[in-house]
Amino acid sequence: MGCRMENSNTKRAAYREQLPKKNFDHASSWFAVAAGLASILSLFVSPVWFPQDWVGVVYAVSVVSLLLASLFYIIVREQQKLHRYAQAVLHLHYACHIARDYVAELHLGQDPSLDELLSNIASSLANCFTLITGKHCRVSIKELQKQGDDNKFLVAVVKEDILSSKRRSVAMRPMSLHEFTSLKNIFYGLDGCSRYYLRNNLIREWRIHKYHNGAFSIVGEPEIRTFLGFSKVVGWKLPFKSTLAVPIRFQYGDGIKYEKTPENKPSLQGHVQDDYWGFVCVDCESSRAFDRRYCPELASAYADVLYTVLSQTKSHMASHRRLIAFPARVD
C-alpha cells in the first residue's frame, strides 16, 4: 500500500510539473502600443523632419506598414486558435456534467443508459475538435479486449459520435491490436507514444511504412504510382488524414513492460500494471489539423472522464466486464 501511495504521489508531482507556469505574455500588447504610437507620431513629426514633398510619402508608408503589421498580428493570433480553446471549456464541462449525473444515478440504484452517455461524450468531443480545428472531426471510443490467456488483444469500436455512426455503412468488427499503428504504439510505448499518438499527415506516414490501419482490410489499401520520376499516393479511402489517439487507463505502477520478440513484435512481460479500458480516437478529414501542445491534453481530459465512468460502471455491474457484447475473436 505504501509503495502504491508513493507511486501515486510521484505521478501527481509529474502532472503538476506539466502544468503551464504563470507567464503573462505582454509582447503582443506592447507591439500594439508601439504600432499605434508610431502611426500617431508620424502625423506630427513628418512635417518637421521631412521636406514638404516627402510628407505624403511618409504618411502612405506609415499607414501601409501599420496595416501589414496588423495583418501579421491577426494571422499569428488566428493560427494559435487560443480563442477556440476557450470555447472548448464549455464542451468539456458538459461532458463532466453528464458523467457526474450518470455516476450519481448509479449510486442511487438507478439504471442509467451507458450507451447514450458514451454517444453524448463522443459527440461532445467531436464537436469540440471540429470547433478548434475548423474542419470536420470524428470520434470513436474503442475497447481493448484480451483474447485468451496469451498476450493477444482485440480492439472493438463500442461507440462513435452521432454523425459518424449515421454515416457508417459497414460495421467494424473487432480486430487485432497490431492492426492499428496508433493504438499499438500507445499500448506498448513505442516510438515515443507513451501518452498519446498524434500524426498530422497519415498519407506520408503510410508512404514511409510507419502507419497501418485495420480499416484498410475493409476499404482497401492505397497505392503509390510513379510518373516521370515523381511518385504519388492514390486511392486513399480513409475519411481522415490526421489522427489523435489517447488511452483510457489508470497506471498503478510504471506501466507496461515489453520486449522485442525474435519476430520483431512487442510482447508483454510479467504483470500488466495498467487498468486499461481502451482508447479515444479523434480523426480529422484534413492534414495538419492538430496542435501538439493542447490537443492531446484536451483529448486526455475526455479520456479521464470516460475512465471514471467505466470504472464506476464496472464496480456496480461486476458481472458485465464488457461495455457492449462483441465476439472475442476476429471472423
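No lab work stands behind these numbers, since they all come straight from the coordinates. Nothing here was measured: the structure is a model prediction, and the numbers come from that model. Backbone-built Cβ (ideal geometry, glycine too); neighbour counts: all protein chains shown.
Among Thr133, Gly278, Val305, flag the residue with its Cα farthest along the positive direction of the charge dipole of the range 85-316, charges on Cβ as +1 for Lys/Arg and -1 for Asp/Glu. Positive-end residue among those listed: Thr133. Taking Lys and Arg as +1 and Asp and Glu as -1, the other residues whose beta-carbon sits under 12 Å from that of Asn185 total +2. In this rough spin-label picture, where each label sits 7 Å from Cα along the Cβ direction, the Leu66-Ser286 distance is 3.2 nm. Listed cross-link partners Lys146/Lys184; Lys135/Lys210; Lys146/Lys241; Lys166/Lys314 are compared with a 20 Å cut-off, the Cα-Cα value being larger for Lys135/Lys210; Lys146/Lys241; Lys166/Lys314.
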